[in-house]
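Working notes, structure below.
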């Protein structure tokens with residue numbers, strides 16, 4: 001959950017605009033007046049529409065705890081012209097959400113971190129945009145200092161591509177291994193990404209295709225970074241799904257209804273539909289099969305897998321994306 005906090009009436013208007021942006025990108029958020037605002041510790045991030053001094057004096061000490069795990073904090077000027085990420089900008093996503101909001105408000109992002117000011121991609125940001133395991137603290141400090149003065153060697157899997165300012169920051173080369181190497185000796189393993197697909201009977205291929213493309217856009221995931229797709233056994237012969245995934249040249253995992261129901265025993269954060277349960281005997285398809293796909297590839301516990309896109313529905317197709 002992302003909490004958008006305001007004080008004044010003008011701030012409330014901007015908060016509502018920001019919530020609409022987050023809603024469009026399928027990020028959970030809520031708008032709260034500062035007098036009703038409480039920090040639970042489970043938030044993904046905070047967007048404050050108020051003076052930065054108020055945020056620093058009143059709220060920041062309760063939010064900051066661990067650089068590697070903190071929720072992001074963004075401060076916005078009340079006129080919506082300036083978006084300032086101040087905490088957990090890379091690993092927490094502060095920069096990502098600042099850019100997202102600024103792009104849609106036609107605002108300016110005020111970066112203060114050295115790598116961003118200099119147009120460089122630090123190793124922590126690199127791990128975020130490529131969906132890699134989190135680097136060690138010492139490696140973040142070492143590489144983020146080094147890239148300010150020189151290009152660092154970066155080896156990517158052969159089918160991957162440079163993203164954003166990566167080519168301006170690193171000497172990019174490729175190998176046949178399924179991991180990333182930074183500065184010759186830092187190895188970062190990729191997380192597994194699985195797209196779960198559900199659809200009504202006899203769904204047309206183009207509807208499946210465009211639903212998948214939209215969801216990958218929403219989470220900035222290139223198709224080449226997707227490891228697999230997944231669906232349920234009752235859809236194993238659905239041509240629209242089979243042909244689309246076949247064209248993407250990716251594996252398609254088929255999971256049984258018993259396997260899908262097992263997920264709901266461990267995850268209470270998934271959407272449940274009584275109508276779907278009456279129809280095919282499970283409460284949902286896209287969310288649990290995406291989780292099962294990651295579990296199959298990464299051999300992780302259900303609760304270790306992140307559902308980065310909850311069920312997205314369009315034209316009879318439902319899509320969810322999990323990472324782990």
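The values are calculated or read from the model by the stated rules, or taken from the named source; none is laboratory data. This structure is a prediction, so every number in the text was calculated from the model and none was measured. Cβ atoms come from the backbone with ideal geometry, glycine included; neighbour counts cover every protein chain shown.
Structure summary
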quantity: Residue identified as surrounded by fewer than 22 Cβ atoms within 10 Å (Cβ to Cβ) and farther than 20 Å from residue 317 by Cα among 237, 185, 233; calculated: 185
quantity: Failed criterion for residue 191 (all others in (1) crowded, with 22+ Cβ neighbours inside 10 Å; (2) under 26 Å from residue 120 (Cα atoms); (3) without any contact (Cβ under 8 Å) to a residue 60 or more places away in the chain hold); calculated: (3)
quantity: All positions within the stretch 13-35 that are in a helix (DSSP H, G or I), surrounded by fewer than 16 Cβ atoms within 10 Å (Cβ to Cβ) and in contact with a strand residue (DSSP E or B) (Cβ under 9 Å, 6 or more places away or on another chain); calculated: 13, 16, 23
quantity: Counted residues, the stretch 49-91 - those being within 21 Å of the chain's Cα centre (by Cα) and assigned to a strand (DSSP E or B); calculated: 9
quantity: Hits in the stretch 284-318 - residues which are in contact (Cβ under 8 Å) with a residue 60 or more places away in the chain, within 17 Å of residue 253 (Cβ to Cβ) and assigned to a strand (DSSP E or B); calculated: 318
quantity: Only one of 207, 213 that is touching a strand residue (DSSP E or B) at 6+ places or on another chain (Cβ under 9 Å), part of a helix (DSSP H, G or I), on the phi < 0 side of the Ramachandran plot and in the same structural domain as residue 230 (by TED's automatic domain parsing); calculated: 207
quantity: For residue 104: the one exception among (1) touching a residue at least 24 places away in the same chain (Cβ under 8 Å); (2) touching a helix residue (DSSP H, G or I) at 6+ places or on another chain (Cβ under 7 Å); (3) crowded, with 19+ Cβ neighbours inside 10 Å; calculated: (3)
quantity: The stretch 212-224 residues that are over 17 Å from residue 247 (Cβ atoms), paired with ones that are in a loop (DSSP other than H, G, I, E, B) (beta carbon under 7 Å, 6 or more apart); calculated: 218/25; 218/26
quantity: Failed condition for residue 213, given (1) within 25 Å of the chain's Cα centre (by Cα); (2) within 25 Å of residue 134 (Cα to Cα); (3) exposed (fewer than 15 other Cβ atoms within 10 Å of the Cβ); calculated: (2)
quantity: In the stretch 1-12, residue nearest to residue 94 (Cα to Cα) [restricted to those that are crowded, with 20+ Cβ neighbours inside 10 Å and in contact with a helix residue (DSSP H, G or I) (Cβ under 8 Å, 6 or more places away or on another chain)]; calculated: 2
quantity: Matching residues, the stretch 27-46, being in contact with a helix residue (DSSP H, G or I) (Cβ under 6 Å, 6 or more places away or on another chain) and either under 23 Å from residue 220 (Cα atoms) or in contact (Cβ under 8 Å) with a residue 40 or more places away in the chain (or both); calculated: 29
quantity: Residues of the stretch 243-259 satisfying the condition of being touching a residue at least 40 places away in the same chain (Cβ under 8 Å) and outside any helix (DSSP H, G or I); calculated: 253
quantity: Qualifying residue in the stretch 271-280 (condition: touching a strand residue (DSSP E or B) at 6+ places or on another chain (Cβ under 8 Å), closer than 29 Å to residue 206 by Cβ, modelled with pLDDT of 95 or more and surrounded by 15 or more Cβ atoms within 10 Å (Cβ to Cβ)); calculated: no
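Conditions (1) in contact with a strand residue (DSSP E or B) (Cβ under 8 Å, 6 or more places away or on another chain); (2) in contact (Cβ under 8 Å) with a residue 40 or more places away in the chain; (3) surrounded by 16 or more Cβ atoms within 10 Å (Cβ to Cβ), marked per residue:
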| residue | (1), (2), (3) |
| --- | --- |
| 140 | no, no, yes |
| 166 | yes, yes, yes |
| 174 | yes, no, no |
| 180 | yes, yes, yes |
| 196 | yes, yes, yes |
